[in-house]
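First up is the structure itself, then whatever we jot down about it.
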């Protein structure tokens with residue numbers, strides 16, 4: 001199974017601590033050896049690092065871990081290849097532009113018999129089901145709303161419907177972010193923690209590392225961390241309900257909607 | 001003036017040596033302090049590093065310089081901001097997807113009164129004339145050829161015409177690459193060297209570094225390096241003729257065409 005990680009905050013925050021635990025899952029504490037990637041938004045811009053080497057042994061991951069890039073929105077992924085060879089073009093997260101903003105997408109799961117027609121406005125470069133469904137989502141949003149951002153309400157409603165359609169074809173945990181809005185779809189498993197003052201001292205599950213979060217934060221800071229499974233021992237992680245889409249903004253959840261229309265193919269709830 | 005650098009080869013090659021000289025131009029031997037970026041193709045995938053810090057003092061540049069990523073196509077840019085603030089979203093090279101391939105674009109120059117309508121299929125995320133003209137090029141290619149790659153001949157002809165139109169509005173030196181084809185448009189200054197056996201020992205202009213290229217290459221290797229100005233002392237660099245578009249493939253020039261229709265605004269030939 002692939003591993004997903006995202007951070008959504010109200011103030012630029014570095015993800016070094018969480019990434020340290022996450023990085024270990026790519027070949028050290030878990031067997032996700034088929035590459036990894038991370039995308040940091042800085043305002044509207046994106047800094048993206050992709051690597052086909054396992055994250056636990058990647059020089060690029062070492063740079064990311066030691067270089068405190070501060071960002072309000074981060075999406076990361078460690079790959080366990082199920083569809084598509086191990087190559088840079090198949091490495092998540094994927095990026096496209098829509099409405100003059102970059103969109104970053106990462107997926108955990110496999111879709112079965114999902115073959116809607118792509119009209120050419122967004123085409124996959126690699127050959128994963130994940131990049132395919134991302135292109136389809138971008139295409140459908142462009143088709144529905146044209147070339148202008150429709151506002152958060154309408155976008156959330158549209159993504160809820162699209163998640164229902166694609167989610168009916170299998171396991172479809174995904175993260176989608178445009179630098180201010182972070183959408184998280186839980187098909188089978190995603191969990192999150194909302195950090196705010198008073199910030200605790202927390203300990204990683206995957207590495208012997210402890211950090212006093214209060215030393216790096218102010219009382220106004222809000223930080224949401226979303227992951228496939230909890231990264232720390234001594235915090236309250238909340239499991240998302242399978243079959244829900246959530247919107248994270250400024251370090252908190254602003255919307256949640258159900259996306260299940262039945263039992264998806266190949267899944268048992 | 002911004003600095004452009006590209007490499008096009010017939011076998012994956014590391015660009016560490018050339019990048020070492022190029023990197024120095026961002027704040028050490030020249031005053032391009034407004035960020036830098038580099039994109040490496042690996043097959044169809046792209047590894048892109050962007051930074052708003054001057055390249056001479058950038059930790060990310062240090063990683064790129066010391067980490068021998070092998071690539072057949074590389075495009076790099078050091079920015080001297082003329083339009084648009086210093087920010088990640090205004091940092092070259094820019095990336096978009098067309099026909100299921102990533103396209104990388106970097107520009108040196110300034111376009112005056114260039115305001116064609118964008119239909120929304122590609123929109124700039126930042127506010128530079130460079131990203132704007134790149135979006136326009138992608139849009140016009142999609143409009144002309146639909147969702148299928150038209151072949152190299154037709155693409156080269158179309159890019160020649162588009163270079164004429166945009167090039168009439170000012171200084172328009174650019175590099176455009178899809179991972180196999182590298183287009184280089186010389187509006188005022190671009191120069192290149194074609195390296196092949198017997199490979200010489202070459203010395204950087206911008207740093208006190210000498211490398212025996214024969215130690216890292218085979219007799220079959222072909223490497224084209226394109227830059228705003230020569231990077232080495234003891235090699236033959238050929239200046240491109242102002243007002244020409246050239247196509248580099250497999251380490252050599254396969255096509256050249258004139259793109260000048262008059263004297264562009266603000267330029268004196």
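The values are calculated or read from the model by the stated rules, or taken from the named source; none is laboratory data. Owing to the predicted nature of the structure, the values given are computational and were not obtained by experimental measurement. Heads up, the Cβs are rebuilt from the backbone with ideal geometry, glycines too, and the neighbour counts pull from every protein chain shown.
Residue by residue through the stretch A:39-53, note down the ones that are more than 7 Å from chain B (Cβ to nearest Cβ) and out of contact with any helix residue (DSSP H, G or I) (no Cβ under 9 Å at 6 or more places or on another chain).
A:39
Pick from A:126, A:84, A:179: which is at positive phi and modelled with pLDDT of 95 or more?
Of A:126, A:84, A:179, the one residue that is at positive phi and modelled with pLDDT of 95 or more is A:179.
Does at least one position in the stretch A:190-206 carry a residue that is over 30 Å from residue A:235 (Cα atoms) and crowded, with 17+ Cβ neighbours inside 10 Å?
Start the filter on the stretch A:190-206 by keeping residues that are over 30 Å from residue A:235 (Cα atoms), which leaves none.
No, the stretch A:190-206 has no match at all.
A quick yes/no check of all residues on (1) farther than 25 Å from residue A:149 by Cβ; (2) touching a helix residue (DSSP H, G or I) at 6+ places or on another chain (Cβ under 7 Å); (3) at the interface with chain B (Cβ under 9 Å from one of its Cβ atoms):
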{"position": "A:57", "(1), (2), (3)": "yes, no, no"}
{"position": "A:69", "(1), (2), (3)": "yes, no, no"}
{"position": "A:91", "(1), (2), (3)": "yes, no, yes"}
{"position": "A:96", "(1), (2), (3)": "no, yes, yes"}
{"position": "A:103", "(1), (2), (3)": "no, yes, no"}
{"position": "A:114", "(1), (2), (3)": "yes, yes, no"}
{"position": "A:128", "(1), (2), (3)": "yes, yes, no"}
{"position": "A:131", "(1), (2), (3)": "no, no, no"}
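How about the stretch B:42-153: which strands (runs of 3 or more DSSP E) wholly inside it have at least 3 residues that are under 25 Å from residue A:58 (Cα atoms)? It would help to see each step written out before you state the result.
Working: elements: B:45-51, B:70-78, B:94-98, B:101-108.
Hits in the stretch B:42-153: B:45-51, B:70-78.
Would you mention how many residues in the stretch A:201-226 are closer than 27 Å to residue A:177 by Cα, more than 22 Å from the chain's Cα centre (by Cα) and assigned to a loop (DSSP other than H, G, I, E, B)?
Looking only at that region, the number is 4.
Within 14 Å of chain A (Cβ to nearest Cβ) and in contact with a strand residue (DSSP E or B) (Cβ under 7 Å, 6 or more places away or on another chain): is that true of residue B:118 in this structure?
No: the conditions fail for residue B:118.
Can you tell me which residue is surrounded by the fewest Cβ atoms within 10 Å (Cβ to Cβ) among those in the stretch A:71-89 that are more than 8 Å from chain B (Cβ to nearest Cβ) and more than 13 Å from residue A:2 (Cβ to Cβ)?
A:85
Of all residues in the stretch A:232-242, which are in a loop (DSSP other than H, G, I, E, B) and modelled with pLDDT of 90 or more?
Matches in the stretch A:232-242: A:235, A:236, A:237, A:240, A:241, A:242.
I need a count of the residues in the stretch B:139-159 that are within 10 Å of chain A (Cβ to nearest Cβ) and either over 25 Å from residue A:147 (Cα atoms) or buried (at least 19 other Cβ atoms within 10 Å of the Cβ) (or both).
0
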